[in-house]
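Read the structure below first, then the notes.
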Amino acid sequence: MSIAMTRTQAPVVVDESKCIADKGCTVCVDVCPLDVLVIDMISNKAKMKFDECWYCMPCEKDCPTGAVHVNIPYLVR
Ligand code: SF4
Ligand code: SF4
């Protein structure tokens, strides 16, 4: 439905087949200092709410199943 959110290169991509938010995990949502990650009410998986990111990485590092991938742009390091 949200066409604006379905770009090919979002800053953070969640592999829904690995995400265990439907089992109660909210780690990535909790660690994000920008508060841009949410658990989708329909799919019960984590996703980006806003297309913003500090590329600080705890969401990817702390995800227990390795479902989060942060696409770091070449110019941001
Ligand atoms: S930390 Fe990983 S498993 Fe947990 S909600 Fe986020 S993406 Fe899903
Ligand atoms: S890299 Fe940082 S700012 Fe970006 S989604 Fe993950 S925790 Fe949030």
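The values are calculated or read from the model by the stated rules, or taken from the named source; none is laboratory data. Here the structure is a predicted model, which means the values were calculated and not measured. Reconstructed Cβ throughout: ideal geometry from the backbone, glycine too, with neighbour counts over all protein chains shown. Ligands, DNA and RNA are stripped out before the accessible areas are found, and what is left, the full protein with its side chains, is counted by its heavy atoms. Shrake-Rupley method; radii C 1.70, N 1.55, O 1.52, S 1.80 Å.
Tabulated data
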quantity	calculated
Cβ-Cβ under 6 Å pairs, at least 6 apart or on other chains, the range 10-34 side over 19 Å from CYS53 (Cβ atoms), far side within 14 Å of ligand 2 (Cβ to nearest atom) and in a loop (DSSP other than H, G, I, E, B)	LYS18/ALA67
Restricting the range 50-66 to residues that are within 9 Å of ligand 1 (Cβ to nearest atom) and in a loop (DSSP other than H, G, I, E, B), the residue that is least open to solvent (accessible area, probe 1.4 Å)	CYS63
Subset of the range 30-57 (residues that are in contact with a strand residue (DSSP E or B) (Cβ under 7 Å, 6 or more places away or on another chain) and within 9 Å of ligand 2 (Cβ to nearest atom))	VAL36, LEU37, MET48, CYS53, TYR55, MET57
Filter result (within 25 Å of PRO73 (Cα to Cα) and more than 6 Å from ligand 1 (Cβ to nearest atom)) within the range 10-32	ALA10, PRO11, VAL12, VAL13, ASP15, GLU16, SER17, LYS18, VAL29, ASP30, VAL31, CYS32
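For every residue, the table says whether it meets (1) surrounded by 12 or more Cβ atoms within 10 Å (Cβ to Cβ); (2) basic (Lys, Arg); (3) modelled with pLDDT under 95.
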{"site": "LYS23", "(1), (2), (3)": "no, yes, no"}
{"site": "THR26", "(1), (2), (3)": "yes, no, no"}
{"site": "LYS45", "(1), (2), (3)": "yes, yes, no"}
{"site": "MET48", "(1), (2), (3)": "yes, no, no"}
{"site": "PRO73", "(1), (2), (3)": "no, no, yes"}
